[in-house]
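Structure record follows, encoded as structure tokens.
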Amino acid sequence: MTSFSINERALLAFAHDVLMLGLSWVITFLLFFTAVPGAPEITKTLVLQVLFVAVPVQALVATIFGMYQGLWRYASLPDVQRIVVTVFAGTLAVAATLRAGNWLGMLSFSYFFVQALLLVVLMAGSRISYRSWKEWSLYGRADDQGTPVIILGAGDAAVGLLKELLRSRDWRVLGLLDDDPNKHYRLIHGVRVLGALDELPRLARTLKVKHVIIAMPSVAYQKRRQIIEICNRARVTVMTAPRIGEVSTTANLLAGKTPAPKIRRLSFEDLVKREPIVLDDAGLHDLITDKVVMVTGAGGSIGSELCRQIAAYAPSMLVLFEQNEFAQYKIEQSLRDEFENLPIASVIGDVKNVKRVNQTLHQYAPSIVFHAAAYKHVPLMEESNAWEAVQNNVLGTLVLARASIEYNVKKFVLISTDKAVNPTNVMGATKRLSEMVCQALQQTGGNTRFEMVRFGNVLGSAGSVIARFEEQIARGGPVTVTHPEMVRYFMSIPEAAQLVLQAGAMGLGGEVFVLDMGEAIRIVDLAHDMIRLSEATDDEIKVIYSGLRPGEKLFEELLMDDEHTRATPHPKLRVAKAREVTKDFIETLSAWLYQDKLPDDSDVRRDLKRWVPEYVAQVRPKLKSVAGAAGRKSA
């Protein structure tokens, strides 16, 4: 095919439009001469005069309005709008010129209106037709090419995905399914909505489809579980639509610069994914931009995501404080690759080390500290490590919080947990005690404002149940669940980090923020969902029950029995009215934390009960069946 430069293409487009200008006037005159009874007879002289004036004037106006700066292969609605405006302006210019030269003759308003309408049709039609031909020549394919697929959903997300897939050589969309009866059997971009979602098993057999793509980002978790069950009955591979930013632009696809849309296997994170969080960008810029920000536990799951999101708001420096050398190295390298111009201070240190903490705060003078460093694994802290949990979680918070006051940190944000509510384990009790430390220090009258943020389990965090189940499924099972009635709240790491930042920006001092964790999920349901997503069946990979581990309880709470909440300007954040703590509490707590002897676990639990009255001993429910799926409720 002949290749033209931009100038050559512009000249060809100009020549085309000049031809369409002349043609539109000739057709207009012929229409009035043949189809309008009683119309005045138009002389050849008048026709030539009009063409002599109209074509150059309208061509000049089209050039001035930038009609020849774009490419026809990308012609779209804005181009049609530009054509309409250009033709309207050109028609007015022609009428004014003819009137000024006394050449208007017998031409009425109707002639100009019809000619303008014809010209819009000819110019826009040519461009849209060229684009359609170009797309077909580049991406047109035989009907039997591409992997056959059905899209689940017929909303905006599905329509956007469908448009991209129709340009792809990899996928061939045979239809869409949606439970809205008003959409059934309608055509969307030439593809039919074949029926409701529960018709998938029948259609998959009939059409010989082995893949489906879920494109319903806003449906609730229970509805998504039902969809997974339908897909499991249909024996199809479940895929998901591209994430934001993964879908290639039309221009790039047509230019051949990017591959087809990245369709990937559905994960459990996709199954529980919720609507994106809307953040107060102005408030976060005020909090972070051009400020020194410090994150403890910077290499951990939450800490590292906090660092990435903080970096996006351009702090003057980001101080990474981490005890684990390898974790520190990973997050530092990741940030340097992604944010090349961001000043980073990489500090190896222990939050319990008073001298190291003071040195760091004195050297870098952070305006805000996010305290994410903590021991969080419940069974490990329950068995033989209770005092270490107290030292790291409580003493570490006390050391860092006191140093923050001394070195005039403006805001201190503690990352807490739902396990701090009516705790039945050492880890939860130490996190509640850490909250109480911040509550007490808030009353000392210093300049530092203390905020606490509670949330539940985080998808993809180190040691999470998701990672454990994935390993067990990869080995072929069995998948171990501690109890059939255990439920947990889940949140993605980015969502948790975003809400921590939002709470930090909103806090006035002393608040305990509670995050909207969505609906609780039964762990046994989670296990069965992950088995189905792996394309195995419950018969192929068994679920067995192992009994509650030390310190575990069946359900987590976000509020204590005597706590109430009040709303905040952000719909996913509430403030808990936590039990009051006196500032005298700090001195007696410090004496306990700095005691010379090393207490055993039973002494630690006894003293924790003294400091945290709501801390209660765990009661383990008895199981009817320890192994096998026989005793479980159907997922």
Write down the accessible area per residue of segment 466-525 in Å², having rolled a 1.4 Å probe over the full set of protein chains.
31 Å²
If we count every other residue with Cβ under 13 angstrom of R605's Cβ, Lys/Arg +1 and Asp/Glu -1, where does the sum land?
-3
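May I ask you to compute the full-extension gain from N324 to T289, defined as 0.36 nm times their residue separation minus their alpha-carbon distance, rounded to one decimal in nm? Mind showing how you got there, number by number?
Details: separation 35, 0.36 × 35 = 12.60 nm, distance 2.75 nm.
Gain in length upon complete extension: 9.9 nm.
Provide the gained length on full extension for the span R468 to S316, in nm with one decimal, where the gain is 0.36 nm per separating residue minus the Cα-Cα distance.
Numbers: separation 152, 0.36 × 152 = 54.72 nm, distance 3.87 nm.
Full-extension gain reported as 50.9 nm.
Per residue, how many Å² of accessible area does segment 142-223 show with a 1.4 Å probe? Before the final figure, lay out each step's value.
Details: 4050 Å² over 82 residues.
Using a 1.4 Å probe on heavy atoms only, each residue of segment 142-223 averages 49 Å².
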DSSP-assigned coil residues among GluC sites (Glu not before Pro) in segment 283-373, each with at most 16 further Cβ atoms within 10 Å
E340
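Of the accessible area of segment 290-440, with the probe set at 1.4 angstrom, what percent is carbon plus sulfur?
Working: 2460 of 5170 Å².
The nonpolar share, carbon plus sulfur, comes to 47 percent.
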At what distance in nm do the modelled label points of Q49 and K609 sit from each other, each positioned 7 Å from its Cα along Cα→Cβ?
11.0 nm
Segment A100-I544, length gained on full extension (0.36 nm per residue, minus Cα span):
150.6 nm
Kindly write out, for segment 496-508 in residue order, the coupling ³J(HN,Hα) from the Karplus curve 6.51 cos²θ - 1.76 cosθ + 1.60 (θ = phi - 60°), rounded to whole Hz, with x marking Gly and Pro.
4, 5, 4, 6, 4, 4, 5, 4, x, 6, 8, x, 9
Quick one: which residues, 5 or more positions from K542 or on another chain, have an amide H under 5 Å from its amide H? H modelled 1.01 Å from N in the peptide plane, none for Pro or chain starts.
V479
Spelling it out for H377: with amide H atoms placed in the peptide plane at 1.01 Å from N, the residues 5 or more places away or on another chain with amide H under 5 Å from its amide H are none
Rounded to the nearest 20 Debye, what is the dipole magnitude of segment 148-195 about its Cα centre when Lys and Arg each give +1 and Asp and Glu each give -1 at the C-beta?
280 debye
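The values are calculated or read from the model by the stated rules, or taken from the named source; none is laboratory data. Since the model is a prediction, treat every value here as computed from it, not as a measurement. Every residue, glycine as well, gets a Cβ built from its backbone with ideal geometry; the counts of neighbours run over all protein chains shown. Note: areas computed on protein heavy atoms with side chains; ligands, DNA, RNA excluded. Shrake-Rupley method; radii C 1.70, N 1.55, O 1.52, S 1.80 Å.
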